[in-house]
Amino acid sequence: MPVYNDPCGAIAAVLYPQLVPALTATEPLPARCPQHAGANDEMTPPGLAVVADPVQDVEPPDSSCGPSDPYAEIYASQVAQWKRIVGELHEVRDWGADPLLHALDAARRRRAEAEEDICLLITLGREFTAPRPYDVSALARASGMSEYLVRRCYSGQDIESVQQITGLAPRTLAADPDERVASC
């Protein structure tokens, strides 16, 4: 298990655990082409040093060998994504802000966006499907909400938003477009 010397690396590992195996891999990557097979038939993946110093340069996949190895491209992409994330957290710290509080605020904003997406999807399922709307209990199970909240989480404004986004005609319109009884 990696030990993070940098709090920004630890924050990135908590938020994006799917990137950590690429940075701490212990299995060698395969050779990219027959030209490089032989004595150097494996690339040495970065170990804890990359986690401790996530802004090290990583060589891009070698394109001189014809089609590049998809695994090497994925690996390079993950390392680049990791460096971008940790770099952004370092910039936040350099601006004098706390990277952990910044990451928490960003997660809260993503949650609010996801909740709005859920409300719009419920609106689509209840107001824009024919011949009849999706069953409230099915939407409740899929959204993780109670049936009561599924019935009350969208408003006429949400119906209008879905109509503008999709171009579909709603089955009905709510009396007050700004009325929303409960939040999704």
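Observations on the model:
- With semi-axes defined as the square roots of five times the eigenvalues of the C-alpha gyration tensor, the equivalent ellipsoid of the stretch 110-166 measures 16, 15, 9 Å, largest first.
- With the simple spin-label model, which puts each label point 7 Å out from Cα in the Cβ direction, the Arg111 to Glu88 separation comes to 1.9 nm.
Quick note: the coordinates plus some simple rules give every number you see, no bench work behind them. Remember, predicted model here, so these are calculated numbers, not experimental data. A quick note on method: Cβ atoms are made from the backbone with ideal geometry, for glycine too, and the neighbour counts reach across all protein chains shown.
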